[in-house]
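The next block holds one structure in the form of C-alpha coordinates; read it before the comments.
The values are calculated or read from the model by the stated rules, or taken from the named source; none is laboratory data. Predicted, not measured: the structure shown is a model, and the values here were computed from it. Positions of Cβ are generated from backbone atoms using ideal geometry, with glycine treated the same way; all protein chains shown enter the neighbour counts. Note: areas computed on protein heavy atoms with side chains; ligands, DNA, RNA excluded. Shrake-Rupley method; radii C 1.70, N 1.55, O 1.52, S 1.80 Å.
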Amino acid sequence: MIEIKHLNKTFPSRHGSGEIVALDDINLTVRDGEIFGIIGLSGAGKSTLVRCMNLLERPTAGEVLIDGQDLMALSHKELLAVRRNIGMIFQSYNLLEQRTVLRNVLYPLELIDTPKDKAVARAMKLLELVGLADRKDSYPSQLSGGQKQRVAIARALATEPHYLLCDEATSALDPNTTAAILELLQTINRTMGVTVVVITHEMTVIDKICHRVAVIDKSHIVEIGSVDEVFANPQSERAKELILPRVKVASSIESGRRIRLVFNGESSTKPVVSSLVLECGVPVNIMAADTKDIGGKAYGQILLELPPEERQVQRVLAWLDHNFPSYNLEV
(Lines give C-alpha, C1' and ligand atoms only; values in the text may rest on other atoms or scores of the structure.)
Protein backbone atom coordinates (compact mmCIF):
# COMPACT_ATOMS: atom_id res chain seq x y z
CA MET A 1 0.00 0.00 0.00
CA ILE A 2 1.19 3.52 -0.82
CA GLU A 3 0.26 6.20 1.70
CA ILE A 4 0.83 9.91 1.14
CA LYS A 5 0.37 12.05 4.24
CA HIS A 6 0.38 15.86 4.34
CA LEU A 7 2.87 15.99 1.49
CA ASN A 8 4.20 19.33 0.28
CA LYS A 9 6.66 20.14 -2.46
CA THR A 10 8.02 23.58 -3.32
CA PHE A 11 10.60 24.72 -5.85
CA PRO A 12 12.61 27.93 -5.81
CA SER A 13 11.41 30.41 -8.40
CA ARG A 14 13.65 31.04 -11.40
CA HIS A 15 14.32 34.60 -10.36
CA GLY A 16 15.05 33.73 -6.76
CA SER A 17 12.08 35.65 -5.42
CA GLY A 18 10.05 33.27 -3.29
CA GLU A 19 8.93 29.70 -3.95
CA ILE A 20 6.65 27.86 -6.35
CA VAL A 21 4.21 25.52 -4.61
CA ALA A 22 3.90 22.32 -6.66
CA LEU A 23 2.03 20.21 -4.07
CA ASP A 24 0.13 21.41 -1.02
CA ASP A 25 -1.01 19.09 1.79
CA ILE A 26 -1.57 16.01 -0.36
CA ASN A 27 -3.24 13.03 1.34
CA LEU A 28 -4.13 9.81 -0.49
CA THR A 29 -3.86 6.04 -0.24
CA VAL A 30 -3.26 3.62 -3.10
CA ARG A 31 -4.52 0.17 -2.15
CA ASP A 32 -2.74 -3.05 -3.00
CA GLY A 33 -3.83 -4.60 -6.28
CA GLU A 34 -5.72 -1.62 -7.72
CA ILE A 35 -5.16 0.60 -10.73
CA PHE A 36 -5.24 4.11 -9.33
CA GLY A 37 -5.54 7.15 -11.59
CA ILE A 38 -4.40 10.70 -10.91
CA ILE A 39 -5.79 13.21 -13.40
CA GLY A 40 -5.35 16.92 -13.84
CA LEU A 41 -4.47 19.61 -16.33
CA SER A 42 -0.89 20.45 -17.27
CA GLY A 43 0.87 22.16 -14.38
CA ALA A 44 -1.54 20.85 -11.75
CA GLY A 45 1.22 18.90 -9.98
CA LYS A 46 0.40 15.31 -10.97
CA SER A 47 3.83 14.39 -12.38
CA THR A 48 5.56 15.89 -9.36
CA LEU A 49 3.27 13.84 -7.13
CA VAL A 50 4.09 10.52 -8.80
CA ARG A 51 7.83 11.31 -8.70
CA CYS A 52 7.51 11.94 -4.98
CA MET A 53 6.14 8.39 -4.55
CA ASN A 54 9.61 6.93 -5.14
CA LEU A 55 11.51 10.05 -4.09
CA LEU A 56 12.82 10.92 -7.53
CA GLU A 57 11.55 14.25 -6.25
CA ARG A 58 12.12 14.65 -2.53
CA PRO A 59 9.11 16.23 -0.79
CA THR A 60 9.63 19.45 1.14
CA ALA A 61 7.46 18.08 3.95
CA GLY A 62 5.15 15.18 4.73
CA GLU A 63 5.38 11.40 4.61
CA VAL A 64 5.61 8.83 1.82
CA LEU A 65 4.98 5.31 3.12
CA ILE A 66 5.41 2.15 1.07
CA ASP A 67 4.01 -0.88 2.91
CA GLY A 68 4.26 1.12 6.13
CA GLN A 69 7.89 2.16 5.60
CA ASP A 70 8.58 5.90 5.55
CA LEU A 71 10.84 6.58 2.56
CA MET A 72 11.81 9.98 3.95
CA ALA A 73 13.53 8.30 6.90
CA LEU A 74 15.67 5.92 4.83
CA SER A 75 19.35 6.19 4.03
CA HIS A 76 20.38 6.38 0.39
CA LYS A 77 21.31 2.70 0.35
CA GLU A 78 18.02 1.69 1.98
CA LEU A 79 16.09 3.84 -0.48
CA LEU A 80 17.76 2.16 -3.45
CA ALA A 81 16.70 -1.22 -2.08
CA VAL A 82 13.06 -0.08 -1.71
CA ARG A 83 13.03 1.34 -5.25
CA ARG A 84 13.55 -2.16 -6.64
CA ASN A 85 9.97 -2.72 -5.53
CA ILE A 86 8.71 0.33 -7.48
CA GLY A 87 8.93 0.25 -11.28
CA MET A 88 8.36 3.39 -13.32
CA ILE A 89 7.65 4.22 -16.96
CA PHE A 90 7.67 7.62 -18.63
CA GLN A 91 6.15 9.43 -21.58
CA SER A 92 9.58 9.63 -23.27
CA TYR A 93 10.38 5.90 -22.70
CA ASN A 94 13.93 6.67 -21.38
CA LEU A 95 15.50 3.69 -23.15
CA LEU A 96 19.26 3.39 -23.57
CA GLU A 97 19.80 3.96 -27.29
CA GLN A 98 23.11 2.06 -27.47
CA ARG A 99 21.61 -1.09 -25.95
CA THR A 100 19.45 -3.67 -27.68
CA VAL A 101 15.91 -4.39 -26.49
CA LEU A 102 17.16 -7.36 -24.45
CA ARG A 103 20.02 -5.41 -22.88
CA ASN A 104 17.67 -2.57 -21.96
CA VAL A 105 15.51 -5.01 -20.00
CA LEU A 106 18.64 -6.60 -18.48
CA TYR A 107 19.98 -3.26 -17.23
CA PRO A 108 18.22 -3.10 -13.82
CA LEU A 109 19.11 -6.76 -13.22
CA GLU A 110 22.77 -6.02 -13.93
CA LEU A 111 22.70 -3.22 -11.35
CA ILE A 112 21.74 -5.69 -8.63
CA ASP A 113 24.23 -8.34 -9.80
CA THR A 114 21.68 -10.93 -10.87
CA PRO A 115 23.42 -14.03 -12.31
CA LYS A 116 23.46 -13.73 -16.09
CA ASP A 117 21.51 -16.90 -16.87
CA LYS A 118 18.73 -15.96 -14.44
CA ALA A 119 18.70 -12.38 -15.71
CA VAL A 120 18.39 -13.40 -19.36
CA ALA A 121 15.63 -15.89 -18.53
CA ARG A 122 13.73 -13.20 -16.62
CA ALA A 123 14.19 -10.62 -19.38
CA MET A 124 13.04 -13.01 -22.11
CA LYS A 125 9.97 -13.96 -20.08
CA LEU A 126 9.04 -10.28 -19.82
CA LEU A 127 9.65 -9.64 -23.52
CA GLU A 128 7.28 -12.50 -24.26
CA LEU A 129 4.72 -10.89 -21.94
CA VAL A 130 4.89 -7.59 -23.82
CA GLY A 131 4.99 -9.31 -27.22
CA LEU A 132 8.53 -8.36 -28.24
CA ALA A 133 10.59 -11.52 -27.81
CA ASP A 134 11.26 -11.53 -31.56
CA ARG A 135 12.76 -8.00 -31.35
CA LYS A 136 15.28 -8.74 -28.60
CA ASP A 137 18.25 -7.84 -30.81
CA SER A 138 16.72 -4.63 -32.17
CA TYR A 139 17.75 -1.16 -31.02
CA PRO A 140 15.29 1.50 -29.80
CA SER A 141 15.72 3.52 -33.01
CA GLN A 142 14.27 0.56 -34.91
CA LEU A 143 11.07 0.45 -32.85
CA SER A 144 7.75 2.29 -32.98
CA GLY A 145 6.57 4.40 -30.05
CA GLY A 146 4.29 1.64 -28.81
CA GLN A 147 7.08 -0.92 -29.01
CA LYS A 148 9.44 1.38 -27.10
CA GLN A 149 6.86 1.73 -24.34
CA ARG A 150 6.47 -2.05 -24.19
CA VAL A 151 10.22 -2.40 -23.72
CA ALA A 152 10.06 0.26 -20.99
CA ILE A 153 7.30 -1.70 -19.25
CA ALA A 154 9.31 -4.93 -19.45
CA ARG A 155 12.35 -3.14 -18.00
CA ALA A 156 10.26 -1.65 -15.18
CA LEU A 157 9.05 -5.14 -14.26
CA ALA A 158 12.51 -6.73 -14.34
CA THR A 159 13.09 -6.57 -10.58
CA GLU A 160 9.62 -8.00 -9.88
CA PRO A 161 8.19 -4.83 -8.30
CA HIS A 162 4.89 -4.70 -6.44
CA TYR A 163 4.20 -1.19 -7.77
CA LEU A 164 4.31 0.34 -11.25
CA LEU A 165 4.19 4.12 -11.62
CA CYS A 166 3.14 5.40 -15.06
CA ASP A 167 3.87 9.08 -15.74
CA GLU A 168 1.85 10.09 -18.83
CA ALA A 169 2.87 6.75 -20.34
CA THR A 170 0.44 6.96 -23.28
CA SER A 171 0.50 10.70 -24.03
CA ALA A 172 2.84 10.34 -27.02
CA LEU A 173 0.97 7.40 -28.55
CA ASP A 174 -1.83 7.19 -31.10
CA PRO A 175 -5.27 5.96 -29.93
CA ASN A 176 -4.87 2.37 -31.14
CA THR A 177 -1.43 2.01 -29.56
CA THR A 178 -2.71 3.64 -26.37
CA ALA A 179 -5.51 1.08 -26.16
CA ALA A 180 -2.99 -1.77 -26.56
CA ILE A 181 -0.71 -0.39 -23.83
CA LEU A 182 -3.63 0.08 -21.45
CA GLU A 183 -4.75 -3.48 -22.10
CA LEU A 184 -1.22 -4.65 -21.30
CA LEU A 185 -1.25 -2.72 -18.01
CA GLN A 186 -4.58 -4.35 -17.12
CA THR A 187 -3.08 -7.77 -17.84
CA ILE A 188 -0.06 -7.03 -15.65
CA ASN A 189 -2.33 -5.86 -12.84
CA ARG A 190 -4.62 -8.86 -13.13
CA THR A 191 -2.10 -11.67 -13.67
CA MET A 192 0.90 -10.42 -11.70
CA GLY A 193 -0.87 -8.57 -8.90
CA VAL A 194 1.10 -5.39 -9.59
CA THR A 195 -0.45 -2.20 -8.17
CA VAL A 196 -0.51 0.43 -10.93
CA VAL A 197 -0.56 4.21 -10.51
CA VAL A 198 -1.49 6.08 -13.71
CA ILE A 199 -0.79 9.79 -14.16
CA THR A 200 -2.72 11.30 -17.06
CA HIS A 201 -4.64 14.26 -18.41
CA GLU A 202 -6.76 12.00 -20.64
CA MET A 203 -10.21 10.99 -19.46
CA THR A 204 -10.21 7.99 -21.81
CA VAL A 205 -7.33 6.45 -19.87
CA ILE A 206 -9.21 6.76 -16.58
CA ASP A 207 -12.35 5.35 -18.24
CA LYS A 208 -10.52 2.36 -19.62
CA ILE A 209 -8.56 0.87 -16.73
CA CYS A 210 -8.71 2.70 -13.40
CA HIS A 211 -10.57 1.48 -10.31
CA ARG A 212 -10.25 4.73 -8.35
CA VAL A 213 -9.25 8.24 -9.34
CA ALA A 214 -7.93 11.39 -7.67
CA VAL A 215 -8.43 14.77 -9.32
CA ILE A 216 -5.62 17.26 -8.75
CA ASP A 217 -6.00 20.97 -9.40
CA LYS A 218 -3.56 23.79 -8.64
CA SER A 219 -1.39 21.60 -6.36
CA HIS A 220 -4.35 20.22 -4.34
CA ILE A 221 -6.34 17.00 -4.42
CA VAL A 222 -9.86 18.30 -4.97
CA GLU A 223 -11.69 14.98 -5.32
CA ILE A 224 -11.06 11.28 -4.84
CA GLY A 225 -13.21 8.17 -5.15
CA SER A 226 -14.15 5.22 -7.32
CA VAL A 227 -14.32 5.96 -11.03
CA ASP A 228 -18.03 5.14 -11.05
CA GLU A 229 -18.75 7.56 -8.18
CA VAL A 230 -16.67 10.44 -9.48
CA PHE A 231 -17.92 10.11 -13.05
CA ALA A 232 -21.55 9.81 -11.97
CA ASN A 233 -21.53 12.73 -9.57
CA PRO A 234 -18.42 14.92 -9.74
CA GLN A 235 -18.25 17.29 -6.78
CA SER A 236 -15.38 19.66 -7.59
CA GLU A 237 -15.47 22.23 -10.35
CA ARG A 238 -12.32 20.77 -11.95
CA ALA A 239 -13.79 17.26 -11.98
CA LYS A 240 -16.97 18.59 -13.56
CA GLU A 241 -14.95 20.32 -16.28
CA LEU A 242 -12.93 17.19 -17.00
CA ILE A 243 -15.80 14.71 -16.85
CA LEU A 244 -18.83 16.73 -17.95
CA PRO A 245 -17.46 19.61 -20.00
CA ARG A 246 -19.94 22.29 -20.96
CA VAL A 247 -21.69 21.44 -24.20
CA LYS A 248 -20.95 23.94 -26.95
CA VAL A 249 -24.03 24.75 -29.02
CA ALA A 250 -23.89 26.26 -32.48
CA SER A 251 -25.25 29.80 -32.22
CA SER A 252 -26.91 29.55 -35.64
CA ILE A 253 -29.46 26.97 -34.45
CA GLU A 254 -32.64 28.59 -33.22
CA SER A 255 -35.80 26.59 -32.62
CA GLY A 256 -37.62 25.23 -29.60
CA ARG A 257 -36.51 24.57 -26.06
CA ARG A 258 -33.57 22.40 -25.12
CA ILE A 259 -33.41 19.33 -22.92
CA ARG A 260 -30.25 18.09 -21.26
CA LEU A 261 -30.33 14.37 -20.45
CA VAL A 262 -27.90 13.51 -17.65
CA PHE A 263 -26.75 9.89 -17.45
CA ASN A 264 -25.78 8.80 -13.92
CA GLY A 265 -25.25 5.08 -14.37
CA GLU A 266 -28.19 3.93 -16.45
CA SER A 267 -27.70 0.86 -18.63
CA SER A 268 -25.63 1.86 -21.65
CA THR A 269 -27.79 -0.40 -23.83
CA LYS A 270 -30.99 1.54 -23.07
CA PRO A 271 -32.04 3.40 -26.28
CA VAL A 272 -33.32 6.55 -24.56
CA VAL A 273 -33.39 8.99 -27.48
CA SER A 274 -34.79 6.57 -30.04
CA SER A 275 -37.47 5.43 -27.57
CA LEU A 276 -38.43 9.04 -26.90
CA VAL A 277 -38.82 9.80 -30.62
CA LEU A 278 -40.73 6.59 -31.43
CA GLU A 279 -43.09 6.67 -28.45
CA CYS A 280 -43.79 10.40 -28.50
CA GLY A 281 -43.82 10.79 -32.25
CA VAL A 282 -41.82 13.99 -31.83
CA PRO A 283 -38.66 14.73 -33.84
CA VAL A 284 -35.72 16.01 -31.80
CA ASN A 285 -32.35 17.39 -32.77
CA ILE A 286 -29.24 16.01 -31.02
CA MET A 287 -27.17 19.16 -30.66
CA ALA A 288 -24.28 17.71 -28.65
CA ALA A 289 -23.36 14.58 -26.70
CA ASP A 290 -20.64 13.55 -24.28
CA THR A 291 -21.28 10.10 -22.83
CA LYS A 292 -19.02 7.32 -21.64
CA ASP A 293 -19.57 3.59 -21.11
CA ILE A 294 -18.07 2.28 -17.87
CA GLY A 295 -18.81 -1.35 -17.13
CA GLY A 296 -22.03 -1.33 -19.12
CA LYS A 297 -23.29 1.86 -17.46
CA ALA A 298 -23.68 5.24 -19.15
CA TYR A 299 -22.28 8.48 -17.70
CA GLY A 300 -22.42 11.94 -19.25
CA GLN A 301 -24.98 14.04 -21.02
CA ILE A 302 -26.89 14.60 -24.27
CA LEU A 303 -28.34 17.94 -25.31
CA LEU A 304 -31.57 17.74 -27.34
CA GLU A 305 -33.45 20.51 -29.11
CA LEU A 306 -37.26 20.17 -29.26
CA PRO A 307 -39.68 21.47 -31.89
CA PRO A 308 -41.27 24.86 -31.12
CA GLU A 309 -44.82 23.47 -30.77
CA GLU A 310 -45.84 23.57 -27.10
CA ARG A 311 -48.03 20.45 -27.38
CA GLN A 312 -45.08 18.39 -28.59
CA VAL A 313 -42.87 19.81 -25.85
CA GLN A 314 -45.36 18.80 -23.16
CA ARG A 315 -45.60 15.29 -24.64
CA VAL A 316 -41.82 14.92 -24.41
CA LEU A 317 -41.70 16.28 -20.85
CA ALA A 318 -44.40 13.85 -19.71
CA TRP A 319 -42.51 10.95 -21.27
CA LEU A 320 -39.25 12.01 -19.58
CA ASP A 321 -40.96 12.42 -16.19
CA HIS A 322 -42.13 8.82 -16.43
CA ASN A 323 -39.15 7.16 -18.12
CA PHE A 324 -36.07 9.33 -17.54
CA PRO A 325 -36.39 11.71 -14.58
CA SER A 326 -32.71 12.70 -14.78
CA TYR A 327 -33.12 15.62 -17.16
CA ASN A 328 -32.92 19.40 -17.09
CA LEU A 329 -35.14 21.71 -19.12
CA GLU A 330 -33.16 24.67 -20.47
CA VAL A 331 -34.52 27.98 -21.71
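Brief remarks follow.
- Under 5 Å from the amide H of Leu23 lie the amide H atoms of Lys9, each residue being 5 or more positions distant or on a separate chain, with H modelled from the backbone and absent for Pro and chain starts.
- Against the chain, whose longest principal axis is taken from its Cα atoms, helix 310-323 shows a tilt of about 50°.
- Around Leu126: net Lys/Arg minus Asp/Glu count, Cβ-Cβ under 12 Å: +3
- Here region 22-162 has 48 percent of its accessible surface on carbon and sulfur atoms, given a 1.4 Å probe and all protein chains in place.
- Spacing of the two label points (7 Å from each Cα toward its C-beta) at Ser138 and Lys118, in nm: 3.1
- Long-range HN-HN contacts of Ile221 with modeled amide H, under 5 Å: Asn27
- Range of Cα positions in region 258-330 per principal axis (Å), largest first: 38, 20, 17
- If the chain linking Ser275 and Leu56 were pulled fully straight, counting 0.36 nm for each residue of separation and taking away their Cα-Cα distance, it would gain 73.4 nm.
- Taking region 258-330 and dividing mean pair separation by its residue count, relative contact order in percent (alpha carbons under 8 Å, at least six apart): 45
- Principal axis analysis of the Cα atoms in the chain yields extents of 80, 52, 36 Å, listed in decreasing size.
- The packing ranking, built from the mean of other Cβ atoms within 10 Å per residue, places the peptides 66-76, 303-313 in the order 303-313, 66-76, highest first.
- Per residue, the accessible area of the chain comes to 49 Å², computed with a 1.4 Å probe over protein heavy atoms only.
- Formal net charge of residues neighbouring Gly300 (Cβ-Cβ distance under 9 Å; K, R +1; D, E -1): 0
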